[in-house]
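Asker: I'd like to ask some things about the structure below.
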Amino acid sequence: MRALHKHHAGPELALIQKPVPEPGPRDVLIRVKKAGICGTDRHIWEWDAWAAGRIPVGITTGHEFVGVIERTGAAATRYAPGLRVSAEGHISPGTGYNARTGNAHIASDMVILGVDRDGCFADYVCVPEENVWPVHESIPDHVAAVLDPLGNAVHTVMSAGVSARTVLVTGVGIIGLMAVTVAKAAGASRIFVTDIDPKRLALARTLGAVEAYDAREGDGWVADIRKQTRGDGPDVLLEMSGSPPAIDAGFRALRMGGTAALLGIPSRPITFDLNSHVVFKGATVLGINGRKMFETWYQMEALLLSGRLRLEEIITHRIPLEQFRRGFELMRTGEGIKVVLEVG
Ligand code: ZN
């Protein structure tokens, strides 16, 4: 089969031929139809410090996909071949404290598809049957291929609680844009966003943001957002940028007693005004990692079936697997937002 894999300890990926993987007794073998390129895959492509310290050379990359079950292991009896499925890419043996208390997504013994074990940028991928998510018939393939990042957005929004609240999203990359449409669908009253990319700011407005501030013009927006929220500031901060100035400004804007859900990842330890931003503010701060298994997946399906999510404008490109170089380039230059590889 074809597989996009990490062929050396350096930049880029190579499309090679590999044997079709053999499913373990509790695994299912899935024929991949479409797969999303994620920011994580870009780190692996670029071979930054994180990738060099984490990614085994020789691994098949990719963790966001939709496909069809081809074959099941001897002890995997839940699903039959032919079923259209996606899968949760965080894989835990299910025996540790968090896995046994409803928090398998942050299990310390978790391994990640396409990061720690062979992923889905290939004709076939194996996953444990517990990780399989049957896809509702009304959800098209290109949307089903990006349930993983959509789940990040849904987990962030639902953890913070946005219904009838004002929301600030700092950073509208792929997941930030998804968070805008999810927050809108989940009943946020008004959504404010900030970013440094005019195209993404415009798209955030299209998706329902009432104000989209260009952070390159300074942080005068903090005062403006406060003016628009009775002087208090937004009830909820969804931090999606990982950028230290955005994190600082976002917390300055957040109202006293507000809730901040943090998904963005700074590239190194940062300086942060804990006193003003959290202690004296009485803020609730939530770290967001992955998606709840499988509460987030049910919420995601419910939101998708409500018809209120707008993802078509976020999934900007669908290109054949062979053109993977162009896919990564579209993401690197910012010309594309979410790029989906057409595998089979
Ligand atoms: Zn991803």
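Please treat every number below as a calculation from the coordinates, not as lab data. Predicted, not measured: the structure shown is a model, and the values here were computed from it. Reconstructed Cβ throughout: ideal geometry from the backbone, glycine too, with neighbour counts over all protein chains shown.
Asker: Once amide H atoms are built 1.01 Å from N in the peptide plane, which residues 5 or more positions from Leu168, or in another chain, come under 5 Å H to H?
Answerer: Answer set, sorted by chain and number: Phe192, Val236, Leu237, Leu238.
Asker: From the phi angles alone, apply the Karplus equation (6.51, -1.76, 1.60; θ = phi - 60°) to region 190-204 and give each ³J(HN,Hα) in whole Hz, x where the residue is Gly or Pro.
Answerer: 9, 10, 10, 10, 9, 6, 10, 10, x, 5, 6, 4, 4, 5, 4
Asker: Please give the peptides 333-341, 91-99 ranked by average Cβ packing (other Cβ atoms within 10 Å per residue), highest first, as a rough proxy for protection.
Answerer: 333-341, 91-99
Asker: Right, here's the next one. Take the Cα atoms of region 195-247, build their convex hull, and give its volume per residue in Å³.
Answerer: Given the Cα convex hull of region 195-247, per-residue volume reads 86 Å³.
Asker: For region 93-219, how big is the tail of P(r) above 26 Å, as a whole percent of Cα pairs?
Answerer: Looking at region 93-219, the distances longer than 26 Å represent 38 percent of pairs.
Asker: Please state the charge dipole magnitude for the chain, taken about the Cα centre, from unit charges on C-beta atoms (+1 on K and R, -1 on D and E), reported in debye and rounded to the nearest 20.
Answerer: Result for the chain is approximately 420 debye, rounded to the nearest 20.
Asker: If I fit a long axis through the Cα atoms of helix 244-253 and take the longest principal axis of the Cα atoms of the chain, what angle between them do I get, 0 to 90°, rounded to 10?
Answerer: Between the helix axis and the principal axis of the chain, the angle is about 50 degrees.
Asker: How much length is gained if the chain between Thr271 and Asp116 is pulled fully straight, taking 0.36 nm per residue apart and subtracting their Cα-Cα distance, in nm to one decimal?
Answerer: 52.7 nm
Asker: Let me see the pair-distance distribution of region 150-287: every alpha carbon pair, 10 Å bin width, integer percents in order.
Answerer: 14, 51, 33, 3
Asker: Let me ask something additional. Can you compute 3J(HN,Hα) from phi for each residue in region 228-236, using the Karplus curve 6.51 cos²θ - 1.76 cosθ + 1.60 with θ = phi - 60°, rounded to whole Hz and x for Gly and Pro?
Answerer: For region 228-236, the Karplus-derived couplings read 7, 10, 6, x, 8, x, x, 5, 10 Hz, x marking Gly and Pro.
Asker: Calculate for the chain the 222 nm mean residue ellipticity that helices alone would give, adding -39,500 (n - 2.57) per DSSP H run of length 4 or more and normalising by residue count, nearest 500 deg cm²/dmol.
Answerer: -8000 deg cm²/dmol
Asker: What are the residues whose amide H is under 5 Å from the amide H of Ile139, where those residues sit 5 or more places off or on another chain and H is modelled from the backbone?
Answerer: none
Asker: Sort 310-319, 49-58, 150-159 by packing, meaning the average of other beta carbons within 10 Å per residue, with the highest value first.
Answerer: Order by mean packing, descending: 150-159, 310-319, 49-58.
Asker: When Lys and Arg each count +1 and Asp and Glu each count -1, what net charge do the other residues less than 9 Å away from Ala144, Cβ to Cβ, add up to?
Answerer: Here the charged neighbours net out to +2.
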